[in-house]
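The values are calculated or read from the model by the stated rules, or taken from the named source; none is laboratory data. Everything quoted here is computed from the prediction, not taken from an experiment. Here Cβ is always computed from backbone atoms with ideal geometry, including for glycine, and neighbour counts include all displayed protein chains. For the accessible areas, the whole protein counts, side chains as well, though only heavy atoms, and no ligand, DNA or RNA atoms are used. Shrake-Rupley method; radii C 1.70, N 1.55, O 1.52, S 1.80 Å.
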Amino acid sequence: MSLSNIRIVLIQTSHPGNIGSAARAMKTMGLSELCLVKPKRFPAPEANVMSSNAEDILDNAIIVDNLQQAIADCHVVIGTSARYERNLRWETFDPRYCGEFVGKALSKNKKVALIFGRERSGLTNEELSMCQHLVHIPTNPDYSSLNVASAVQILSYECRMGAKDIKPIRHELNEEVVSAEDMEGFYQHLETALIEVEFLNPENPRYLMPRLRRMYGRINVTRSELSLLRGMVSAFQGRKFTRRNKES
Ligand code: SAH
């Protein structure tokens, strides 16, 4: 699967727990390749605890001394930044566009690296200069810095969605929608009931029925929902709902 051509690179992560959480985030999205640049402490029990069964990713993690080594065999290098400055020299994407961009690169058999910075200070200028593009996750401008593993989660998800071999979910309900005539019968029934319970004054109807029509008209009522509505109106009328008056 092409997602295996994505390498997540974490630079000088201070908290081993974050490495474990990042591994878990990657595994949930089908990514597998983790590269650690000079982690402060790794391997570490906190990493294993936080990885929660994504230990295989930790076991296979590559550890290197600098970013250059981490990206040597990659064709596309994308940095991440908690700050967004319009006039930077880098092309900057949001995560959705980044996912599509990565998806296209994967479909051309390219190897992609996504680079994540230090918890406190992010990426250095030198590291940024090794990136071809930047991604910024749009956040509250007054509090823009996500936990590094959360950033890994969001970008892994978007890469998964952008990869061509993942089918998007587009499951729409496929129930029969009722006809205009059926709805007309319901509106008549509703109007009668509203008059009976003295909610609607036929001498002064104002816009009650047109408004209700507008509301129900927006929602594409299905057959089973129409039966429900007719049953409810009958109940409001103080009648028991039976098969016989269902069609009335
Ligand atoms: N004070 C640092 C924050 C680093 S947060 C800074 O301003 O750069 C640690 C890492 O998490 C970042 O280097 C980046 O890789 C990722 N990250 C956090 N928030 C992000 C955001 N809004 N968009 C993209 N990446 C983010």
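Things to note:
- Pairs meeting the criteria (first residue in the stretch 205-231 and assigned to a loop (DSSP other than H, G, I, E, B), second residue open to solvent by less than 70 Å² (accessible area, probe 1.4 Å), beta carbons under 8 Å, at least 6 apart or on different chains) are V221/V178; V221/M183; V221/F186; V221/L229.
- Within the stretch 151-178, the set of residues being open to solvent by less than 50 Å² (accessible area, probe 1.4 Å) and among the polar types (S, T, N, Q) comprises S156 only.
- Applying the condition of being away from the ligand (no atom under 16 Å from the Cβ) and open to solvent by less than 90 Å² (accessible area, probe 1.4 Å) to the stretch 67-80 and asking which residue is farthest from L123 (Cα to Cα) yields D73.
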